[in-house]
Amino acid sequence: MTPDDPIARAAADVTGLYTRHADLWDRVRGPDLRLEAGWMGRFAALLPPGSRVLDLGCGTGRPLGAWLLAQGFAVTGVDASAPAIDRARERLPAGTWICADMRSLDLGDTFDGLLAWDSLFHLTPADQQALFRGLGARAAPGAALMFTSGPDAGTAMGEFGGDPLHHASLSPDAYRRLLAAEGFDVLDFAPEDPDCGGHSVWLARRRLG
C-alpha cells in the first residue's frame, strides 16, 4: 500500500478517528456488557482472584475494564486516544489507565490476563504480527489471552462518525502459529460467533513451562 492508498490512510488514522469521536464512541458503546458477556465470563474463569489484567485498546474503560474491576481484578488499560483515557481515569480511578500506542508499549511487567477486544483488528497485518511476537514477554506463566479478529485473512473497511474505519485480520493459521511461538495454547476459536454478534473470538492460555 502507498501513502495515497485510502486503506493505508484509514489504517494510519485509527487513533485520530477515536480521538475525534471519543464522545460519540462513549455514547454508542455504553456502560453495560452486551453480547460479549459470555466470553468475558470464560476469560475471567481462567484468572485467579485478584489477577492483573492488561486491556489493550481499552477505550474509555467501559464496559469491559469496568466489569473486570467489579470482579476484583487489577486492570491496566492502554489506549492511544487521550480523550478516551481521560474518561477512564475520571470514571474508574481504581484502574490504571495509560495513554500509549499498543504497538510500542513497554511496561516492563507481566500480567495474568491479556485482553484485546475489538482493538487488534484495527492494526495492519504487519503491525499485528509484530505485536503478537511480543505477547509472551507480557504474559505470566498460565496467563489467559482473549482477542477478536476477522474470520480469515483480509482487510475490511467500516465507518464511524462519518470517517472510514480500518479493520484487518490474519488467517486463523497465522494466528495459531504466532500464538504457539509465544507459548500460548489455543483453547477456543469461534469465527463469526452468532451468540456474540458475529465477533470472531480467540481464547488462549500461556503454557506454564
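Filter segment 117-158 down to the residues that are within 29 Å of Arg9 (Cβ to Cβ), in contact with a Ser or Thr (Cβ under 9 Å, 6 or more places away or on another chain), free of Cβ contacts under 8 Å to residues at least 40 places away in the same chain and not in a strand (DSSP E or B) and list them by number. Across segment 117-158, the qualifying residues are Asp152, Ala153. Inside segment 102-116, can you point out the residues that are closer than 15 Å to Gln129 by Cα and in contact (Cβ under 8 Å) with a residue 60 or more places away in the chain? Matches in segment 102-116: Ala116 only. Applying the set (1) farther than 30 Å from Asp112 by Cβ; (2) open to solvent by less than 10 Å² (accessible area, probe 1.4 Å); (3) of a type in the set (A, V, I, L, M) to Leu145 leaves exactly one unmet item: (1).
Across segment 43-96, the number of residues qualifying as of a type in the set (A, V, I, L, M), in contact with a helix residue (DSSP H, G or I) (Cβ under 8 Å, 6 or more places away or on another chain) and surrounded by fewer than 18 Cβ atoms within 10 Å (Cβ to Cβ) comes to 2.
As for segment 173-190, it holds no residue that is over 24 Å from Val53 (Cα atoms) and touching a His at 6+ places or on another chain (Cβ under 8 Å).
Within segment 107-124, restricting attention to residues that are over 12 Å from the mean Cα position of the chain (by Cα) and more than 16 Å from Glu182 (Cβ to Cβ), the residue that is least open to solvent (accessible area, probe 1.4 Å) is Thr124. Here Ala174, Ala168 are screened, and the one residue that is open to solvent by less than 40 Å² (accessible area, probe 1.4 Å), within 16 Å of Thr124 (Cβ to Cβ), touching a Pro at 6+ places or on another chain (Cβ under 7 Å) and not in a loop (DSSP other than H, G, I, E, B) is Ala168.
Quickly run through segment 16-42 and pick out the residues that are among the charged types (D, E, K, R), buried (at least 17 other Cβ atoms within 10 Å of the Cβ) and not in a loop (DSSP other than H, G, I, E, B). Step through it out loud before you land on a result.
In the first step, residues of segment 16-42 are kept if they are among the charged types (D, E, K, R); the result is 20, 23, 26-27, 29, 32, 34, 36, 42.
Those left that are additionally buried (at least 17 other Cβ atoms within 10 Å of the Cβ): 20, 26, 36.
Matches in segment 16-42: Arg20, Asp26.
In the set Leu187, Leu179, which member is farther than 21 Å from Ala80 by Cβ, open to solvent by 30 Å² or more (accessible area, probe 1.4 Å) and in contact with a strand residue (DSSP E or B) (Cβ under 9 Å, 6 or more places away or on another chain)? Reasoning before the result, please.
Values: Leu179 fails: open to solvent by 30 Å² or more (accessible area, probe 1.4 Å).
Result: Leu187 is the single residue among Leu187, Leu179 that is farther than 21 Å from Ala80 by Cβ, open to solvent by 30 Å² or more (accessible area, probe 1.4 Å) and in contact with a strand residue (DSSP E or B) (Cβ under 9 Å, 6 or more places away or on another chain).
Regarding Asp127, is this residue at pLDDT 95 or above, open to solvent by 30 Å² or more (accessible area, probe 1.4 Å), charged (D, E, K, R) and closer than 17 Å to Gly57 by Cβ? Taking the combined requirement at face value, the residue satisfies it.
Quick check: anything in segment 148-163 closer than 18 Å to Val53 by Cα and buried (at least 16 other Cβ atoms within 10 Å of the Cβ)?
Within segment 148-163, the first condition is being closer than 18 Å to Val53 by Cα, and the residues that meet it are 148.
Subsequent filtering for residues that are buried (at least 16 other Cβ atoms within 10 Å of the Cβ) retains 148.
So far as segment 148-163 goes, yes, one or more of its residues are closer than 18 Å to Val53 by Cα and buried (at least 16 other Cβ atoms within 10 Å of the Cβ).
The values are calculated or read from the model by the stated rules, or taken from the named source; none is laboratory data. Worth saying up front: this structure is predicted, and the values here are computed from it rather than measured. Don't worry about glycine lacking a Cβ; one is built from the backbone with ideal geometry, like all the others, and counts go over all protein chains shown. Ligands, DNA and RNA are stripped out before the accessible areas are found, and what is left, the full protein with its side chains, is counted by its heavy atoms. Shrake-Rupley method; radii C 1.70, N 1.55, O 1.52, S 1.80 Å.
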